Amino acid sequence: MLLRTNGKNTNPHQKNRYTGESIVGKPVPLVDAHKKSTGEAIYTDDIKIPDMLHARLLRATIAHGNIKNIDTSKARAIPGVRAVLTGHDWPVTFGVLPVSQDEQAIASDKSRFIGDIVAIVAADSEEIAAQAVWAINVEYEELTNHQVARLGTKPVKDQVQEKVDKGHPGTNVHKHVAQEYGEVDSGFKNAGAVAEGDFKNLACSHGFTEPHSTVCHWTADDRLTCYSAQQVPHYLHRAMAKVFGLPMHQIRIVKPMVGGGFGGKSDPFPHEIACALISKFTRKPVKLTFDREEVFLTNRGRHPSEMKMKIAADKKGKISAFESDVVLDGGAFGSFGVVTTYYNGVLSNGPYYLPAFRYKGRRVYSNHPASGAMRGHGSVNPRFAMETLMDMAAVELGVDPCELRLRNFLPEMCFTPYHKFRITSNGIREGLAEVMRLSDWKNKWGKLPYGRGIGVGCAFYISGSALPIHWNKLPQSTVHLKIDMDGGITVHSLAAEIGQGSDTVLAQMVAEVLGVNMDRIHVRSQETDLAPIDLGSYSSRVTFMAGNAARDAAEKIRHDLAQAAAKLTGQPAQYFDFKDERLVCRSKPSVAVTFMEALHEAQADRGALIASGCYQSPPLGTEFKGSNAGLSPSYSFSAYICEVDVDPETGFVQPRHIWAAHDCGRALNPMAVEGQLEGSIHMGLGQALTEQMRYRGGQLLNGNFLDYKIPTPYETPEMDIVIVESIDPEGPFGAKECGEGGLAPIIPAVGNAIYDAVGVRLFEVPMTPDRVLRAIEEKKRAGK
């Protein structure tokens, strides 16, 4: 069931002249749906270039060890093998963050995890390449295997990376963050209730359908073309330019259709650089596609974490203090880890007002694959802890958990303490009230029979980052718009379509501004040669930032067309409304011109109409170190309630029903919003109950979709989706994010429902049957 609530516009001065128009706010099928459903969509592995070679990778078989020698002679002697490269052939470092340039395409000095690339082979066929990989002999000198992140916070033998946090020499600490404001100790000392716990979140995978795939080709003029399944072509573009010492205009990145990403395709990856490298050596096109085990071996999923967290509330149920100590398992490389370390602190507070805050976070290198960005980056694990503690505090105070949350929500418009997050729209109160009503919360919480329970979880999330990773004064998103004589409208954007529907949203916005049918519009978001720089699909930024840029470009074209209509009719340009392919004079509705008439008049002196639109986040934040982390031009808010059945004999948890309210500003495409929220819930349920990557001595034990347990639609419960439309003044047509924030609240909602069902708290995710049963048995032994 899908419900929409019309939230209050928190900016009374905002006037939206498009409200109630024909495209924005209406359910629209995705523009690429036909291609995908008929099999016409072209993915990277579908690409074939004449004379193309095939590559395979030799991966390290030990978690940590010096590479003493690599013998490639037998591999090179195999007929059909065209090249074999090792790390010594091009030992240049790169990374997604400027402060973490610690990766190589091929390891040159040592292996840092099982699966690290130590050689690449290109051959006439994939079978020959695989045969050659097995013929390579590597001699290792084993080093200390660092498998427990928290042990790396003290000086260690054989560091994973030599460059570590300046305050922690000799350790494996990659990044240390400490932030504090307000009277934390006083807040705990004078509290009416204190809730605390030690929380553990295990490693999980993105679970995207399409494996990593790359095709690279160098031309005679030393120009590189790289086709790759990427969420952020711009970051790969930068990394390629750095590694090969080329200007970016000598490199062309092409993003074909992408079969899912969820954050797992947002880094520039070693395999992409390695594929380009061996193509350079052979001067032939080279394709490299992972098998499923390789995807798992190199997984850059959510950071495993250990959190000590506590909150205090006064006797009136107002939160008075918050404290968190987090250790993140960063794996072998930096990836997005510096950002993650900050996010685990600053994103743990909202959607609540916290007057006193203390956070210590340490990201620690280990001999696991690098941890990176994953849907809800940096917010999901601390959200589970925070929402569990909110329920524990409610129990101690004797207050309804939903009531405690209502007492502490941020106001509709405010700046948060210290971090100064600017809240410009907030529909969480309305959202929680609606899911309470739909779920019959008042008559269920604490009143259901043993084994059945109901729980709540709330969250907030960013709509893009206020500052880019590579700091500069350039726009964070740019869109080019072109209309030729035939009336076709081409939208050029590098905001990557990865299945979430961003191409559709951009087309909707342009169609709304220009008053035309969507079939006129063609979005080109595939390659760097044809599209302006955009920071890609991550941090829930595309609809907000690229959407604002598309609207800006369309407004410029609209101005030109209005001027043309004025010239044709003699009416003032500002009086024309654009709708149904016509420009109609508002003061004289009988006076109108068609879109094509206005277009040809506008083109008479200049040819094709071309406009460039952009978006730059407004100035935000304060001056302290790390103040930019978590800053966003807008924030979404979510409130979920989940009802579960728990079998006390087995510990098996079956979600029965979920009521989910999400404040997305304005739902530009309600059908797509509903799909995003249902997908977030499905993914969150997997992380809550079944999904975990199991390691033994650094060796992954369940690197396939049979042993890695992702819930099927059969296990997915009924969902009621509530779209709360608070209309954000900064968002395009009032919109903000809906792709990531909807994941975080489902995990604590499940955990709190388990407590309501059988009276046990779970502090480790996933909450598997054995862990649930162990908690039930421990409670029985304790006589509680």
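The table that follows gives values for the structure above.
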read-out: Matching helices (runs of 4 or more DSSP H) fully within segment 393-490 where at least 3 residues are in contact with a strand residue (DSSP E or B) (Cβ under 9 Å, 6 or more places away or on another chain) and under 22 Å from LEU347 (Cβ atoms); value: 401-408, 428-439
read-out: Sole residue being modelled with pLDDT of 95 or more, touching a Lys or Arg at 6+ places or on another chain (Cβ under 6 Å), assigned to a loop (DSSP other than H, G, I, E, B) and not assigned by TED's automatic domain parsing to the domain that holds ARG358, chosen from GLN161, GLN231; value: GLN231
read-out: Residue in segment 441-449 that is crowded, with 17+ Cβ neighbours inside 10 Å, modelled with pLDDT under 95 and touching a Cys at 6+ places or on another chain (Cβ under 8 Å) present; value: no
read-out: Qualifying position, being in contact with a helix residue (DSSP H, G or I) (Cβ under 7 Å, 6 or more places away or on another chain) and either in a helix (DSSP H, G or I) or crowded, with 24+ Cβ neighbours inside 10 Å (or both), among ALA553, ALA546; value: ALA546
read-out: Hits in segment 475-488 (condition: more than 13 Å from ALA549 (Cα to Cα) and surrounded by fewer than 23 Cβ atoms within 10 Å (Cβ to Cβ)); value: LYS482, ASP484, MET485, ASP486, GLY487, GLY488
read-out: Matching residues in segment 186-209 - criterion: being out of contact with any Leu (no Cβ under 7 Å at 6 or more places or on another chain), surrounded by 13 or more Cβ atoms within 10 Å (Cβ to Cβ) and more than 30 Å from TYR695 (Cα to Cα); value: SER186, GLY187, PHE188, ASN190, ALA191, VAL194
read-out: Exclusive hit being crowded, with 17+ Cβ neighbours inside 10 Å, in contact (Cβ under 8 Å) with a residue 40 or more places away in the chain and on the phi > 0 side of the Ramachandran plot, set ILE746, ILE727, ILE721; value: ILE727
read-out: Residue within segment 104-118 that is farther than 25 Å from GLY698 by Cβ, touching a helix residue (DSSP H, G or I) at 6+ places or on another chain (Cβ under 9 Å) and buried (at least 21 other Cβ atoms within 10 Å of the Cβ) present; value: no
read-out: Selection status of PRO369, of a type outside the set (A, V, I, L, M, F, W, C), crowded, with 24+ Cβ neighbours inside 10 Å, assigned to a helix (DSSP H, G or I) and under 22 Å from the mean Cα position of the chain (by Cα); value: no
read-out: Test: residue in segment 449-456 that is closer than 24 Å to SER425 by Cα, assigned by TED's automatic domain parsing to the domain that holds ASP720 and touching a residue at least 12 places away in the same chain (Cβ under 8 Å); value: yes
read-out: Unique residue being modelled with pLDDT of 95 or more and over 30 Å from ILE710 (Cβ atoms) when the list is ARG292, ARG252; value: ARG252
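The values are calculated or read from the model by the stated rules, or taken from the named source; none is laboratory data. Small disclaimer: the values here were computed from a predicted structure and weren't measured. Note: ideal-geometry Cβ built from the backbone for every residue, glycine included; neighbour counts use all protein chains shown.
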